Amino acid sequence: MHPHPFLDIHPEVAAALATKRPVVALESTIIAHGMPYPQNVATALQVEAEVRAHGAVPATIAILNGRLKVGLTQAEIEQLGQGGREVVKVSRRDVAFIVAAGQTGATTVASTMLIAAMAGIRVFATGGIGGVHRGAPQSFDVSADLQELAQTPVAVVCAGIKSILDLQLTLEYLETHGVPVVGFQSDNLPAFYTRDSGFKVDYRLDSAEAIARAMQAQWAIGLPGGMVVSNPIPEAYAMPRATIDAAIEQALQEAQAQGIAGKQSTPFLLARVSEITGGNSLASNIQLVLNNARLAAAIAVAYQQCVA
Ligand code: PSU
Ligand code: MN
């Protein structure tokens, strides 16, 4: 049985879903645009292995030749990683056009959530989500990730919000749209490379089971959206705040000087921050994504027990 004419669910993922075993969705923009080759491919494969090691089936999501893919082969991950910034970045508004043209694209948090929900997957691990950009009161640059969180029932495990963004405005926007921000074993909202942004989360929960119960309650009540689960980077890999703040300031100034806007903005800032800080930020980035994969797998396991 095919649930949708444009959707291809990998047989292993389909089998897990059919027998109500835990599945964790993973995005592909982080592969094509978020990290350099070949570390992007190595990380994507390691993330999948980490999800498996913690009892869930990984489903990396992308659009390949016009098909919405839920679960990729190793060769397909390699193709996206090698393609890098040549691969189209696909957010919600782009999905239908890439499908209609039979093209290939890397999915953002927004489009990955959308496709995960179509497949019936409720848990998703990534690095960082998009948000309200600094200067948004003038530029109106607000990531489509936030509206997706408001309407699509998927819990997104991330290391908080990178401070290329305006964290305060992002939290306000999420609140307005009814999206809860849950801190795993922490009261503080992390800022990706650092464990504490100076902002608080809405709810601190200390176990995967407690998070699963909140997900189950939210959706049983009939609330339509998802939630942000923030998981601070492990202490050993956190970066000094001054180092990362300086890199971000420089990247933001360069973006402004070069007139970078729209969908180019986030990839430009991510790439420049990682270039300016050298290999250090990449190593931290890899570790926080692996950490999120482990927590997402534990939440997926707990959620299946919750709804069983
Ligand atoms: N933040 C990161 N790493 C990323 C992204 C954001 O720290 O790789 C990617 C994600 O795919 C996210 C997207 O969904 O950037 C947001 O892009 P935009 O701001 O254009 O919506
Ligand atoms: Mn944007």
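The values are calculated or read from the model by the stated rules, or taken from the named source; none is laboratory data. What you see is a predicted model, and the numbers here were worked out from it, not measured in a lab. Neighbour counts run over all protein chains shown; Cβ positions are idealised from the backbone, glycine included.
If I go through the range 234-270 residue by residue, how many of them are touching a residue at least 12 places away in the same chain (Cβ under 8 Å), of a type in the set (A, V, I, L, M, F, W, C), over 18 Å from residue 190 (Cα atoms) and out of contact with any Leu (no Cβ under 9 Å at 6 or more places or on another chain)? Selection size over the range 234-270: 2. Would you be able to say whether some residue in the range 268-286 is in a helix (DSSP H, G or I), modelled with pLDDT of 95 or more and among the hydrophobic types (A, V, I, L, M, F, W, C)? Yes, because at least one residue in the range 268-286 is in a helix (DSSP H, G or I), modelled with pLDDT of 95 or more and among the hydrophobic types (A, V, I, L, M, F, W, C).
Among the residues of this structure, residue 114 counts as one that is in a helix (DSSP H, G or I) and within 12 Å of ligand 1 (Cβ to nearest atom). When 220, 136, 150 are checked against the criterion of being more than 16 Å from ligand 1 (Cβ to nearest atom), among the hydrophobic types (A, V, I, L, M, F, W, C) and farther than 18 Å from residue 291 by Cβ, 220 stands alone in meeting it. If you go through the range 153-170 and keep only what is more than 19 Å from residue 211 (Cβ to Cβ), within 10 Å of ligand 1 (Cβ to nearest atom) and hydrophobic (A, V, I, L, M, F, W, C), you end up with 164, 165. With respect to the conditions (1) among the small types (Gly, Ala, Ser); (2) modelled with pLDDT of 95 or more; (3) on the phi > 0 side of the Ramachandran plot, residue 230 falls short on a single one, namely (3). Residues in the range 221-244 that are out of contact with any helix residue (DSSP H, G or I) (no Cβ under 8 Å at 6 or more places or on another chain), over 28 Å from residue 148 (Cβ atoms) and of a type outside the set (A, V, I, L, M, F, W, C): 235, 240, 241. Of the residues 128, 102, which is within 11 Å of ligand 1 (Cβ to nearest atom), in a loop (DSSP other than H, G, I, E, B) and out of contact with any Leu (no Cβ under 7 Å at 6 or more places or on another chain)? Every option except 128 fails the conditions.
If you go through the range 33-75 and pick out every residue that is under 19 Å from the mean Cα position of the chain (by Cα) and in a helix (DSSP H, G or I), you end up with 14.
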